[in-house]
Amino acid sequence: MVILVTGGARSGKSSFAENLYRDKKDVVYIATSKIWDKEMEERIKLHRESRPFHWRTYEGYYSLTDALGEEKNYLLDCITLLSSNIMFDVTDGKDYIDYNLQKEVENRIFDELYSLIQAIEERRYNLVLVTNEVGYSLVPDNHIGRVFRDIQGRINQRIAALSHEVYLVCCGIPVKIK
């Protein structure tokens, strides 16, 4: 079973996703963030402390299938950070990202996620993916922000199409949309 959970920032999507596994002992939390400043270091520390101690954690945003083990339940939080990390790795600080490079970034992100989804389904495991809904806000005022929003929006659509269930979380309330 593959479940996608989406919503805005601080909508409660991570809490909802984690709650789907509240009674499970065999869970692997796939953390896609990396520490780039003091604030992110503190956020990661709080996230680690909030998870059940018996959940195994895999940290990374490449080679996601390396996270797979004997456990049956996997939670990836979040696709949006995975996407931004890969985008910045691939574009290497460029000020302008042309359409061909945008497609390369999108395909790299999708390939990482698709490989994980395929491996999960082959093993008959469960996967919950968390992502941010990026289309409900203001249009970013800069090229890089607009490119990221567009790539993330398309990634969300592609992953939702592969998912068995999709939930939108708003104000802490999950609504099943697929």
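What follows draws every value from the coordinates through simple rules; no lab data is involved. Nothing here was measured: the structure is a model prediction, and the numbers come from that model. Counting neighbours? That spans all protein chains shown, and the Cβs are built from the backbone with ideal geometry, glycine included.
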> Viscosity 1.306 mPa s, temperature 10 °C: Stokes-Einstein D of the range 28-178 from its Kirkwood Cα radius, in µm² per second?
Replying inline: 96
> Cα centroid distance between the range 157-171 and the range 43-94, in Å?
Replying inline: 18
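Over all alpha-carbon pairs in the range 5-117, figure out the percentage whose distance exceeds 15 Å.
On the way: 4341 of 6328 pairs.
Tail fraction, whole percent: 69.
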>> Suppose R0 equals 41 Å. What FRET efficiency, 1/(1 + (r/R0)^6) with r the Cβ-Cβ distance, do Q157 and D37 give to the nearest 0.05?
In response: 0.85
> Non-local amide H neighbours of C170 (under 5 Å, H modeled in plane, Pro and chain starts lacking H): which ones?
Replying inline: V175
>> Take T65 and L101, extend 7 Å from each Cα along the Cα→Cβ direction, and tell me the distance between the two endpoints in nm.
In response: 3.0
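What's the longest bit of the chain with no exposed chymotrypsin sites (Phe, Trp or Tyr not before Pro), using DSSP loop states and at most 16 other Cβ atoms within 10 Å as the test?
On the way: sites that count: W36, F53, Y62, Y96, Y136.
In short, 137-178.
Take each complete run of DSSP H in the chain, measure how far its Cα atoms stretch along the helix's own axis, and keep only those covering 27 Å or more with mean Kyte-Doolittle hydropathy at least -0.5; list them. Intermediate results must be reported in sequence, preceding the final value.
On the way: long enough: 99-123 (36 Å, -0.70); 143-162 (29 Å, -0.18).
Long hydrophobic helices here: 143-162.
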